[in-house]
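The values are calculated or read from the model by the stated rules, or taken from the named source; none is laboratory data. The model shown is predicted, which means the values in this text are computed figures rather than measured ones. Here Cβ is always computed from backbone atoms with ideal geometry, including for glycine, and neighbour counts include all displayed protein chains.
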There are 2 protein chains.
Amino acid sequence: MNLKQLAEHLQLSPTTVSRALNGYPEVNEATRLRVEAAARAVGYSPNAWAKGLATGRAMAIGHVMPVSKSHEMVNPVFGDFITGASEAYLRAGYDMQLTLVDDEDEAMRYRNLRRRGLVDGIIVHAPLPADERIALLREIGLPFVVHGRASELPDDYAWIDMNNRRAFERATEHLLALGHRRIALVNGPERQDFALRRREGVLTAQAAQGIAADPALLSSGEMTERLGYTATREMRALPDPPTAIVAASMVVALGIWRALRDEGVTLGREVSVVAHDDDLGYLRNGGDVPVFTATRASVRDAGRRAAEMVLQMIRDPSCAPLQTLIEAELILGQSTGRAPS
Amino acid sequence: MNLKQLAEHLQLSPTTVSRALNGYPEVNEATRLRVEAAARAVGYSPNAWAKGLATGRAMAIGHVMPVSKSHEMVNPVFGDFITGASEAYLRAGYDMQLTLVDDEDEAMRYRNLRRRGLVDGIIVHAPLPADERIALLREIGLPFVVHGRASELPDDYAWIDMNNRRAFERATEHLLALGHRRIALVNGPERQDFALRRREGVLTAQAAQGIAADPALLSSGEMTERLGYTATREMRALPDPPTAIVAASMVVALGIWRALRDEGVTLGREVSVVAHDDDLGYLRNGGDVPVFTATRASVRDAGRRAAEMVLQMIRDPSCAPLQTLIEAELILGQSTGRAPS
DNA sequence: TCACCATATCAAAGCGCTTTGAAGAGGCGC
DNA sequence: GCGCCTCTTCAAAGCGCTTTGATATGGTGA
């Protein structure tokens, strides 16, 4: 059933029916009610393609996720992020369009998204420090919000980001306050911007106490359980092993824990661990006393807010780029304690 | 730049340009090359909305994910699944449309998806044993593939599923062969179909050896790390605790492991564990000798195949419902050993 | 009574593409 | 030179909606 048929059925013109359903003022209230009732009764919804063609609005937001052959891991955080985003879209009547692209043809895909008119806005995931997509998207002229930042670029685009540097600085400060002096970092992939910021945070806190960075205590890679495990094994085999480790994610922390366990070391006594906790649904680090001391920020919440930002920018295209910085909270758990003397 | 402008620029009619770009035979090869070159040069891609309206095809597949308030966890498997699916879509030129819905208005959303014409096919996630969506989608008349099955319904729809029952039966048989007699299951939520099948598999294997099910050894819930932990703590406190545990996922297995560590128990000696491993990117259970003995089946691969199935059904709507059963492999790791005597 | 205005409805154009049916351009045999 | 056929190209209609500008209707004040 299309608009024309519905109009005939109602003995009205398509114009009036369209206006009635879209809430225009120039239609009689009684007529509107009649139209709405009929639409509901016959189960009418407007054809999205026709509507998109006529209005030029897609009523959809694109999420573009780079998945290269070299780091083909799917971000475990992604599921939570889009769940949050979809809450916002649902409320606003927007759809969500997901595109996973190889790095190589990413530029082309963005251009296509625009030219084909499929989306009104874009959320950019996993930015690099000098991410080319930001210039590209600006040139393309589609509203976009970056989840994360590109540190090497001028700060004049819209983004939402957790304060990675500050969070990891605080985590390190906490360990320093407990007397630790050999503090390791098992970081995410350091071509990613967030990982660089985290590393900076750890180093800044140490430098403030006059502690020089030891490259042997800095590890990075895809944030898998295995990374945590192998990095910890290697570091603990050093002549002067770390007494504390900062972990880039809960999954990594689990690997660290496994390595320590293999060694017969107790978490929070011989070795302390602070993890970053994205508050994922399936890996909650909760309870009265969480297992891990952690810097926590909900990625789902970030998704919701990112979506709201992009919707806002679509509503008001002339507004300055929105920027949201989320502070992580530092929650104390069982995995940290005074440095062994 | 639209088709008309491109046609003018080429001194051709829109008809010819359209045909040239869409590979119709009735256009001169020289003309086609000229058109293609021009299209590339000016960066033309057809407007998706106009194309959709004209062809009636959306060139998009919808993934609908139920996210209720009661079990609001995002499936950690989802990310890998859609990564696999998007590989297939990319090749076929399809887009992916993601919808997360509350259980309540799910039916309405499916109907809308159809009426609005946004998608040509649907992938259904997380089916229940008597899932109403299957009848609904059939009535709606949109090609669909279920990831999983609805055991209580007639088996006449398209699905792709891992052989949950057989996998968990094999896992249990393995433990039985090692001499275990007290075998526990930490299962996923048993309103979900896959969880019921898994439980069946465990019970079948035990029954074949004349072992009756002990309700105290059957636990289920959202598949979190915490579930594994608490279930294990409780079971191990029983007068006659289990010597082996089958885990519904790697994340759950990590929780089980944590509980056993707390107890000072060594994995694979006092207590054996077999996990189901979805082969997720961030939780690889690999290496020469994996940590966990596991039933393994790649969920990413399932996503890719599900996508191919739905595309096939769109190509040939009259074909019988495709059904794909994936067998998990049983890989031996360090987490299983002979039952303590 | 008439002009005037606000209100409620409509006809028709247009969004950018595909596709049907028609027509122009050559090549061939007679 | 004519008719016929094949190979290319084209004009125009149509997909289902929104939106502009016009039209009918009834109420008001002069």
Would you confirm whether any residue within the range A:231-251 is within 13 Å of another protein chain (Cβ to nearest Cβ) and either closer than 18 Å to A:Arg181 by Cα or surrounded by fewer than 20 Cβ atoms within 10 Å (Cβ to Cβ) (or both)?
yes
Working only within the range B:17-31, note down all residues that are under 21 Å from A:Arg115 (Cα atoms), buried (at least 18 other Cβ atoms within 10 Å of the Cβ) and more than 8 Å from DNA strand C (Cβ to nearest atom).
B:Ala20
With respect to the numbered conditions (1) modelled with pLDDT of 90 or more; (2) more than 10 Å from chain A (Cβ to nearest Cβ), which one is the sole condition not fulfilled by B:Phe81?
(2)
Filter the range A:268-308 down to residues that are away from chain B (no Cβ under 11 Å) and either more than 20 Å from A:Leu185 (Cβ to Cβ) or of a type in the set (Lys, Arg) (or both), then give me how many there are.
13
If you go through A:Arg115, A:Arg111, A:Arg138, the only one that is surrounded by fewer than 19 Cβ atoms within 10 Å (Cβ to Cβ), away from chain B (no Cβ under 12 Å), farther than 16 Å from B:Met96 by Cα and among the charged types (D, E, K, R) is A:Arg138
Of A:Arg19, A:Arg32, the only residue that is modelled with pLDDT of 90 or more, more than 12 Å from DNA strand D (Cβ to nearest atom) and in a helix (DSSP H, G or I) is A:Arg32
Let me spell it out: the conditions are (1) more than 8 Å from DNA strand C (Cβ to nearest atom); (2) within 14 Å of another protein chain (Cβ to nearest Cβ); (3) surrounded by 14 or more Cβ atoms within 10 Å (Cβ to Cβ), and A:Met1 meets all of them except one. Which number is the exception?
(3)
List every residue pair whose Cβ atoms sit under 6 Å apart, with the two residues 6 or more apart in sequence or on different chains, where the first one lies in the range A:210-224 and is outside any loop (DSSP other than H, G, I, E, B) and the second, anywhere, is surrounded by 15 or more Cβ atoms within 10 Å (Cβ to Cβ) and aliphatic (A, V, I, L, M).
A:Leu217/A:Ala184; A:Leu218/A:Leu185; A:Ser219/A:Val186; A:Ser219/A:Ala231
Could we say that B:Arg40 is more than 7 Å from chain A (Cβ to nearest Cβ), out of contact with any helix residue (DSSP H, G or I) (no Cβ under 6 Å at 6 or more places or on another chain), within 16 Å of DNA strand C (Cβ to nearest atom) and charged (D, E, K, R) here?
yes
Looking only at helices (runs of 4 or more DSSP H) that lie completely in the range B:41-142, which have at least 1 residues being more than 16 Å from DNA strand D (Cβ to nearest atom)?
B:78-92, B:106-115, B:132-140
Residue check, A:Arg57 within 13 Å of DNA strand C (Cβ to nearest atom) and more than 9 Å from every other protein chain (Cβ to nearest Cβ)
yes
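Only one of these is without any contact (Cβ under 8 Å) to a residue 12 or more places away in the chain and either over 30 Å from A:Val146 (Cα atoms) or assigned by TED's automatic domain parsing to the domain that holds A:Asp103 (or both): A:Val27, A:Val35. Name it.
A:Val27
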Here is a list: B:Gly84, B:Gly93. Which entry is in contact (Cβ under 8 Å) with a residue 12 or more places away in the chain, surrounded by fewer than 13 Cβ atoms within 10 Å (Cβ to Cβ) and assigned by TED's automatic domain parsing to the domain that holds B:Gly121?
B:Gly93
